Amino acid sequence: MSKGPISQFIQHHYRHFNAAALVDAAKGYEAHLDAGGKMMVTLAGAMSTAELGLSLAEMIRQDKIAIISCTGANLEEDVMNLVAHSHYKRVPNYRDLTPQDEWDLLENHYNRVTDTCIPEEEAFRRLQKHLVKVWKDAEAKGERYFPHEFLYKVVLSGDLEQYYEIDPKNSWIIAAAQKNIPIVVPGWEDSTTGNIFASYVIKNELKASTVKSGIEYMTWLAGWYRENSGGKGVGFFQIGGGIAGDFPICVVPMMYQDLEWHDVPFWSYFCQISDSTTSYGSYSGAVPNEKITWGKLGIDTPKFIVESDATIVAPLIFAYLLGW
């Protein structure tokens, strides 16, 4: 693939330190795909609110991502931006906000993530009624689905199109739904839609069992990994830290150690972008070699870590992989 101006800039200027690590990681990702490997991408933090979909959606469309693991917040926030983009409020001077300023944002139905305020009414409520419908429809039929499968149903139904406020090609959830790529959402309960679902369970309007659990995600992932880890294997591209990465990476030692399936290959590429630095007891900031001791990576697994802001680094790596 011929490289465009962004890729050329990166290759020419990013020669040392974190910048060089970015280029090495991007070239390693590309080499992994070129050799027939598959890639899992994990999303922590507020990457959807950061509008990573601008590059992530095209990565999905071009088959550079086989599977995604993300938090419940990242799952829902891409769709919230899709349906309520014009109502978001940016606060560049967020460091200067007083407690009263923060309270005023709440009173105006804004929930702040650093410099970006999510409009509760337009974002959450527009999505809520359509999600509640698919939850209740499934329960009435005695059916159960994973959180991402319910969201796929809503997105693919076309019911949200009336609210679209961005070009849908920039929504990674739409790209993923159209490709029907699998998403693992560990700890989905820790999200706005998870809280909304819990409220309906408390009101006895839904059963908790209607949405499949995290344990079921892990058992499903074990089967997926077994089917897809032949040949060059599956790589692990971790954006941020947290449960989005910690949960799925454990599928390998779970099969090897707990199930005693000794033919399970390690993850065959590893990269983490995180500004969490190595410290006492920090897992997110641990160097990749620590994962060898946990049975997740092998001695020869290509390992990269870019200790920087993922909202800056991830789009640049994706741009390189897309030839931009």
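Here are the numbers for the structure shown:
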read-out	value
Furthest towards positive pole of dipole, His262, Phe9, Val252, structure part the chain, Cβ charges	His262
For the chain, calculated [θ]222 nm from helices alone, where every DSSP H run of n ≥ 4 adds -39500 (n - 2.57)	-13000 deg cm²/dmol
Ellipsoid semi-axes in whole angstrom, largest first, where each is sqrt(5λ) of the Cα gyration tensor of the range 99-241	28, 21, 17
Given charges at beta-carbon only (K, R positive; D, E negative), |dipole| of the range 43-92 in Debye	140 debye
Cut-off 12 Å between beta-carbons: net charge of the residues surrounding Asp246, Lys and Arg +1, Asp and Glu -1	+2
Reciprocal mean inverse distance between Cα atoms of the range 65-139 - Kirkwood radius, Å	14.0 Å
In sequence order, calculated HN-Hα J values of the range 199-209 (Karplus, 6.51, -1.76, 1.60; Hz; x Gly/Pro)	5, 6, 5, 4, 7, 6, 9, 9, 9, 4, 6
Lys, Arg +1 and Asp, Glu -1 on Cβ, resulting dipole of the range 243-324 about Cα centre, debye, nearest 20	120 debye
DSSP beta bridges in the range 67-226 [antiparallel fraction, %, rounded to 5]	65 percent
Rg(Cα) / (2.2 N^0.38 Å) computed for the range 1-129, rounded to two decimals	1.33
Dipole magnitude of the range 1-119 about its Cα centre (Cβ charges: Lys, Arg +1; Asp, Glu -1), debye to nearest 20	540 debye
Those lysines that a straight Cα-Cα span of less than 17 Å connects to Lys153, excepting residues fewer than 8 apart in one chain	Lys129, Lys133, Lys136, Lys141, Lys179, Lys212
Table column - 3J(HN,Hα) (Hz), the range 128-141, Karplus curve with 6.51, -1.76, 1.60, x for Gly and Pro	4, 5, 6, 5, 4, 4, 6, 4, 5, 4, 5, 5, 4, 8
Normalised alpha carbon radius of gyration of the chain [divisor 2.2 N^0.38 Å]	1.01
Cα-based reach from Lys3 at 13 Å (exclusive), listing aspartates and glutamates while leaving out same-chain residues under 8 positions away	Glu30
Interatomic Cα distance distribution for the range 154-311, bins of 5 angstrom, percent	2, 7, 13, 16, 18, 16, 13, 9, 5, 2, 0
Neighbourhood charge, 11 Å Cβ-Cβ cut-off, centred on Glu149 and excluding it, Lys, Arg +1 and Asp, Glu -1	+2
For the chain: relative contact order, % (alpha-carbon pairs under 8 angstrom, 6 or more apart)	27 percent
Charge tally in the Cβ shell below 11 Å around Ala319, where Lys, Arg are +1 and Asp, Glu are -1, Ala319 excluded	0
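The numbers here are math on the coordinates, done by the rules we state, and not lab data. Please read all numbers here as calculations on a predicted model, not as lab measurements. Using ideal geometry, Cβ is built from the backbone for each residue, glycine included, and neighbour counts are taken over all protein chains shown.
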